[in-house]
Amino acid sequence: MIGKILGKTYVGIVMLFLYAPIMVLIALSFNASRSRVLWTGFTLKWYTALFHSNAIMKAFGTTMALAFLSAAIASVIGLLAALAIYSMKRRDYKIMLFFTNIPLLNADIVTGIALMLWFVRFLPLGFSSVLMAHITFNIPYVILCILPKLETMDIRQFEAARDLGANSAYAFTRIMIPDLIPGILAGFFMAVTMSMDDFVITYFTKGAGVNTLSTLIYGEIRKGIKPEMYALSSVLFLLVLIILIVVNLLTGSEYKNSERR
Amino acid sequence: MSKKLIELKNISKSFGSTLVLDELNLYIRENEFVTLLGPSGCGKTTILRIIGGFETPDVGSVFFDGEDITKLPPNQRQLNTVFQKYALFSHMTVADNIAFGLRIKKKSSSYIEEKIKYALDLVNLPGYENRMPDSLSGGQQQRIAIARAIVNEPKVLLLDEPLGALDLKLRQEMQYELIRLKNELGITFIYVTHDQEEALTMSDTIVVMNQGYIQQIGTPESIYNEPTNAFVADFIGESNIIDGIMLKDRLVQIGGVSFECVDTGFGINEPVDVVIRPEDVELKDPEGGMTTGTVTSIIFKGVHYEIQVESAIGINFMVQTTQNFPIGCHVGISVIPDNFQIMHKPQSEDEEIMSAEDYSAGNAV
């Protein structure tokens, strides 16, 4: 009994340390005063200020476009890559997976600078260079979400469809894709959050004039901390949180399915 | 006899550096229940996959009704497969599973509905249209897999160890079901299994395979009673396989003692394998036997006892009998001449194949 209480207290404390700073940030975004120590009343004016700022709305648009576009393109490429890796022999499979994991574990700053050097040589930095950078680091997440689904899939279902008269394209879209959809969606949303989250790589590859929410916040904060930034950060946090919940629901329902089986 | 429906000519297939099939020739007649029988890795599933179109042979051709279909993809072949682990489409209902092939062929919805009902009746699962495969037992899933295949009215049904995942009781039930289906549908069944009992129960013709070579082709009776070599004898039921010397026609020497048999044409003093089925060894009083022995072990198997007898001629016999002989019991052993199966010793692998080919050429289905 005491152990249970101690355990719960411990988890509570961990949660507090993890989330208290974010909670403070969110609380401050509703504070009427500019002060960081004084609560003078509840307000939504910082949020309205967000929507009246051209720079912020533009950055928001860029962030969204970048996130969904890069996630969509990475999902297609990642799906094809996962299929190719899946059909490889054991040894090639392991080697490919190793190379896939490198960008995942590599320090963002290294990836960022490397991509910048590459882009500077071949095209002007701007939206398209950031997009390509985001696609690049998103692909491994998509692959890692789809491969396990492929592993557990019964390839005989594909053969059975072929046997029953389906050509390979029809068998693929009608039989394999429905089985892979949860993996593809999880990969897609994972990529969306990764793209929205990213600061370092975006910072190095964006060039002048393009801003995402995170690079905008960074730029503004250097000039001095304004409460609008608290509001903006809270919005960003909330967006990522919502997508994370969606991903969890997707993979969670899948888990329940496999347990029932 | 009905015509040849499927012919495999000179088929070779390797996976990497492993030769799975080597210059294999085989034909299958219309309306036959043919079983490819052999231990795992003998190439039987590969043959099925080549017929189904899932593998292409490295060398050789596949003919269907006289037409070369070697390069035809699976969806254009007039045959359907029942897969080992059923491979039902897990995100579709039973009805959608069964309708899959018919929808591709753009059949009318009334025709499809009728066919689904007919197929479910045929496999004894009426009213299961809206169930999901997940909610069915192994045996039920197997029946749905069969229903899904037969609604397409294939000329040939390929079955890849379809009963392997079922328990014994269900397996025996499904064997009768399959025989009934085969008779009702009047189509050719090509069945792959490593279970000799399944093969003996259901088949019109059994093809025994080992290491990519056909060992023997024949009816269940002929394969059981007259195996061509020690492998077949050992694989089809249990056997005593004993070294012997063929002294002359109708006389074989085992362990220094001569026995009468019925085989001829082996030359003089030829070393041979002698096969005696355990149920063909008779145990009696020591005086009445052709030789004597001592019981070293006895196991109750339900229908019969399985007894090991150490004989005076230095050979260990396995015996199946309904009589009980306690351990240490001194017994007489005898075998009637008909029950000695004499076969050439394989000198080399090549020779083993030669003899199998001779046999299949002479006794082909």
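Here are the numbers:
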read-out: The range A:1-43: proportion of alpha-carbon pairs further apart than 11 angstrom, %; value: 69 percent
read-out: Rg/Rh (Cα only; Kirkwood hydrodynamic radius) as it applies to the range B:257-314; value: 1.03
read-out: Residues with amide H under 5 Å from that of B:Asn210, placed H, sequence gap 5 or more; value: B:Gln215
read-out: Debye, to nearest 20: dipole size of chain A, +1 on Lys, Arg Cβ, -1 on Asp, Glu Cβ; value: 400 debye
read-out: Cα Rg over Rh - the range B:208-339, Kirkwood; value: 0.98
read-out: Order of A:His52, B:His344, B:His304, B:His330 under a 10 Å beta carbon neighbour criterion, fewest first; value: A:His52, B:His330, B:His304, B:His344
read-out: For chain B, the fraction of alpha-carbon pairs in successive 20 Å shells from zero, as %; value: 26, 47, 23, 3
read-out: Ellipticity estimate at 222 nm from DSSP helix runs (n ≥ 4, -39,500 (n - 2.57)) divided over the protein assembly as shown, nearest 500; value: -16000 deg cm²/dmol
read-out: Square roots of 5 times each gyration tensor eigenvalue, C-alpha, the protein assembly as shown, largest first, Å; value: 71, 29, 25
read-out: Percent of Cα pairs exceeding the 13 Å cut-off, where the set is the range B:286-344; value: 63 percent
read-out: Residue among A:Thr215, A:Thr48, A:Thr202 with the largest mean-square fluctuation in a Gaussian network model of chain A, springs linking Cα atoms under 10 Å; value: A:Thr48
read-out: Span from the the range B:161-230 Cα centroid across to the the range A:76-123 one, whole angstrom; value: 50 Å
read-out: Choice from B:Leu37, B:Leu181, B:Leu157 with maximal GNM fluctuation in chain B (Cα, 10 Å cutoff); value: B:Leu181
read-out: Inter-centroid distance (Cα atoms) of the range A:218-238 relative to the range B:70-138, Å; value: 58 Å
read-out: Nearest-ten-degree value, helix B:138-150 long axis tilted from longest Cα axis of chain B; value: 60 degrees
read-out: Amide H contacts under 5 Å for B:Leu5, placed H, 5+ residues apart; value: B:Ile28, B:Arg29, B:Glu30
read-out: For the protein assembly as shown, with +1 on Lys and Arg beta carbons and -1 on Asp and Glu, the positive-most of A:Gly209, B:Leu125, B:Leu5 along the dipole; value: A:Gly209
read-out: Zero-based 10 Å bins, Cα pair distances in the range B:16-154, whole percents; value: 10, 35, 31, 19, 4, 0
read-out: Helix axis angle, B:168-185 relative to chain B longest principal axis, alpha carbon, degrees; value: 60 degrees
read-out: Tilt relative to chain B, helix B:349-363 - C-alpha long axis, 0 to 90 degrees, to 10; value: 70 degrees
read-out: Radius of gyration and Dmax over the Cα atoms of the range B:153-199, both given in Å; value: 10.8, 30
read-out: The range B:130-200 - charge dipole about Cα centre, Lys and Arg +1 at Cβ, Asp and Glu -1, debye rounded to 20; value: 260 debye
read-out: For peptides A:116-122, B:139-145, sequence by mean Cβ density within 10 Å, most packed first; value: B:139-145, A:116-122
read-out: If the convex hull is drawn through the Cα atoms of the range A:53-260, its volume per residue in Å³; value: 145 Å³
read-out: Non-local Lys pairs in the range A:53-260, i.e. 8 or more apart or on different chains, that have alpha carbons under 24 Å apart; value: 8
read-out: Under Karplus coefficients 6.51, -1.76 and 1.60, residue-wise ³J(HN,Hα) of the range B:22-36 in Hz, glycine/proline x; value: 10, 6, 8, 10, 7, 10, 10, 8, 4, 6, 8, 9, 9, 10, 8
read-out: Integer Hz, Karplus 6.51/-1.76/1.60 couplings in order for the range A:124-137, x for Gly and Pro; value: x, 6, x, 4, 5, 5, 5, 4, 4, 4, 5, 4, 4, 7
read-out: Candidates A:Gly183, A:Gly41, A:Gly219: whichever shows maximal mean-square fluctuation once chain A is modelled as a Gaussian network with Cα springs under 10 Å; value: A:Gly41
read-out: For the range B:50-125, alpha-carbon Rg over 2.2 N^0.38 Å; value: 1.34
read-out: Cross-link reach list, aspartates and glutamates versus B:Lys115, counting only Cα pairs under 17 Å and skipping chain neighbours closer than eight places; value: B:Asp96, B:Glu129, B:Glu153, B:Glu184
read-out: Members of B:Lys4/B:Lys71; B:Lys169/B:Lys301; B:Lys3/B:Lys107; B:Lys3/B:Lys85 lying beyond 22 Å, as alpha-carbon distances in this model show; value: B:Lys3/B:Lys107; B:Lys3/B:Lys85
read-out: HN-Hα J in Hz across the range A:40-50 - Karplus 6.51, -1.76, 1.60, θ = phi - 60°, x for Gly and Pro; value: 10, x, 7, 8, 10, 5, 5, 6, 5, 4, 4
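Only the coordinates and a few stated rules stand behind these numbers; no lab work does. Please read these numbers as outputs of a predicted model, since none were measured by experiment. Cβ: placed from backbone, ideal geometry, glycine included. Neighbour counts: every protein chain shown.
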